[in-house]
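Take a look at the structure below.
No lab work stands behind these numbers, since they all come straight from the coordinates. If you're wondering where the values come from, they're calculated on a predicted model, not measured in any experiment. Here Cβ is always computed from backbone atoms with ideal geometry, including for glycine, and neighbour counts include all displayed protein chains.
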Amino acid sequence: MTTTSSPVTTRQGVLELAQVSRWYGNVVAVNDVTMTIGPGVTGLLGPNGAGKSTLLHMMAGFLAPSSGTATLDGGRIWHNHEIYRRIGLVPEKEAVYGFLTGWQFVLSSARLHGLPSPGDAAKRALDLVEMTDAAGRRVETYSKGMRQRVKVAAALVHDPQVLLLDEPFNGMDPRQRLHLMDLVRRMGEEGRTILFSSHILEEVERVAHHIEVLVAGRHAASGDYREIRRRMADRPHLFRVRSSDDRRLAAALIADASSSAVSLTEQGVEVQVTDYARFTALLPRMARDLAVHLWQVSPTDEDLESVFSYLISGSSR
Amino acid sequence: MNTVVADITYRAMLGRKRIWLLVLLPVALVALAALLRLVNGQDEQTAVLLMKSFAIGTMLPLLGLIAGTGVIAPEIEDGTIIHLLAKPISRPVIAVTKFVVAASLVAVLAAVSTYASAYLLVGSESGVATGFTLGALFGGVAYAAVFLLLGVLTRHAVAVGVIYALVWEGVVGGYVPGARKFSIQQWAQSLADQVSSSPFFSTEVTLGFAVPAMVIVTIGAVVWTGQRLRSLSLTGDD
């Protein structure tokens, strides 16, 4: 594949979900979701169990919506194998034919797509994910990160306009992760529609220009990542601070408007922060001015569940 | 028929431990025939009994089960099937290809071992070897199609297949005359009987019923498999 192919710009690659729900018996996995995914990189963010894979599977034609419609450029996705000429899919499941070598696996993908020069396409795709050196080895000997990369190569081999990746960075080491992030970003800049799911905010933030947040099957938020980040940052935060003089620091903090409550505990000072940006800028300066050493500054409610719960309550207000 | 799908499926079936499962029964059949020949000499009655009860009655359904479910069920179970399905290839074509692989494996292994073992026991006498080889060949194809379908219909394909082969064909078919009409085993024997002139062998199911039944079941199972694959859904871990 090439990263500069011209046909890409002539195609749109807009995925649309219209009032899509999916339920299994009495369990609702995705609830009345409407979203449009256009060219560029979009991150599908949500905690585990939010319905991200269900949504991706519906966009990839591997699951029929129980109600609503999923389309690619207005064309039906479900029961339409022709969409795979334009869609590349990297599923979350690690399973790859272990008895094939990386080369055979990606080459088979190129041949299944009926590409005119499958060997060249496979070579380019393997180069792109830096798997050329290990391509002669059987996939069953690969690490999790290598399997992930070879799956990405197989999904990219036909130079798709739309790329769907389900938790693509799982199992990769930091260098591989950065490399794939860079690749995804570049492909997005070239005008491809790229949607990837993740439960890690920082991953999404580094790659996506647009974020869709899914919580408990509901579409909780949508927009530019900075906007979402700001809304996340705007919620009250609880920080725990340990220092060389907790009492002195607590007295200074309560005098500032960035905090609504400060309490002294055996573990240090607990600060209820209402202005996140102001607090994080103020604290180091304050410590320096008071000649107090900071031993530890840690947010106590940074887990994603609480962040997402806040977003949901915010979006329903 | 897609050659890449066929290539991957043959590699999966033959390149791993499953090949030993596939060759175990045919080898056992030939070994048993060789042993009987050594002990009893040339004996047509023994040959017919071995062909009916072991070659057609035991080996054929089990080979069909191993190959028919083996070409698709493990891939659905572990999710590797996505590699084939997320391609611009119609699902019925994938189903037909999987069927061709399973049917070719069962047909070749069953036919070769059936002919070899029958020939060892009676040579070409009364057409026993040729008849049962023909029965194994076409019966194997039908079994492959039915078990392929089971592989996409249920995650418990092997258990259901064993119950069908042993309970329906083995027990019910043995004691309930009407049930015999709806048994691949009986259809295979009907074909064998048509060619063989052995006095030790006769079947109840006519060729006029067995052949159309075999064709309908085989084509029906493959078409149904294709339709099931079209609607194959993946459920995420999310």
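The residue list A:17, B:8, B:147 was ranked by how far each Cα lies along the charge dipole of the protein assembly as shown toward its positive end, using unit charges on Cβ atoms, and B:8 comes out on top.
What percent do you get for the relative contact order of chain A when only Cα pairs under 8 Å and 6+ apart count?
Working: 622 pairs, mean separation 63.9, N = 317.
Computed over chain A, the figure is 20 percent.
Most mobile of A:97, A:24, A:276 per a Gaussian network model of chain A (Cα springs, under 10 Å)? The residue that fluctuates most here is A:24. For the range B:20-174, a crude dipole built from +1 on the beta carbon of Lys and Arg and -1 on the beta carbon of Asp and Glu, taken about the Cα centre, is about 320 debye to the nearest 20.
Each Lys and Arg Cβ is given +1 and each Asp and Glu Cβ -1; about its Cα centre, chain A then shows a dipole of about 500 debye.
For chain B, what relative contact order do you get, as a whole percent, if you take Cα pairs closer than 8 Å and at least 6 residues apart?
Relative contact order for chain B comes out at 26 percent.
Assuming R0 = 51 Å, what is the FRET efficiency of residue A:178 and residue B:34, from their Cβ-Cβ distance, to the nearest 0.05?
Between residue A:178 and residue B:34 the formula returns 0.20.
For residue A:242 and residue A:18, calculate 0.36 nm times their separation in residues minus their Cα-Cα distance, and state this gained length in nm to one decimal.
75.7 nm
For residue B:181, a cut-off of 18 angstrom between C-alpha atoms picks up these lysines, skipping any fewer than 8 places away in its own chain: B:52.
Inter-part distance, the range B:186-209 to the range A:173-219, computed on C-alpha centroids, equals 65 Å.
Taken about its Cα centre, the protein assembly as shown carries a charge dipole of about 580 debye when Lys and Arg each add +1 at the Cβ and Asp and Glu each add -1 at the Cβ.
Got a sec? Charge dipole of chain A, +1 on Cβ for Lys and Arg, -1 for Asp and Glu; which of A:188, A:109, A:281 is way out at the positive end? Ranked along the dipole, the leading option is A:109. Comparing B:113, B:126, B:196 in a Gaussian network model of chain B, where Cα atoms under 10 Å apart are tied by springs, the biggest mean-square fluctuation is seen for B:126. Put a dot 7 Å past the Cα of residue A:130, heading toward its Cβ, do the same for residue A:291, and the two dots end up 4.9 nm apart.
Across the range B:197-207, coupling constants 3J(HN,Hα) worked out from phi with the 6.51/-1.76/1.60 Karplus curve, θ = phi - 60°, read 10, 5, x, 8, 9, 8, 10, 8, 7, 6, 5 Hz, and Gly and Pro carry x.
The GNM of chain B, with springs linking C-alpha atoms under 10 angstrom apart, assigns the highest mean-square fluctuation among B:176, B:71, B:96 to B:176. Label-to-label distance, residue A:267 versus residue A:137, with points set 7 angstrom from Cα along the beta-carbon direction: 4.2 nm.
When shorter helices are ignored and each DSSP H run of at least 4 residues is given -39500 (n - 2.57), the per-residue value for chain B at 222 nm works out to -23000 deg cm²/dmol.
For residue A:245, the residues whose amide H sits under 5 Å from its own are A:293, ignoring neighbours fewer than 5 places away on the same chain, with H placed 1.01 Å from N.
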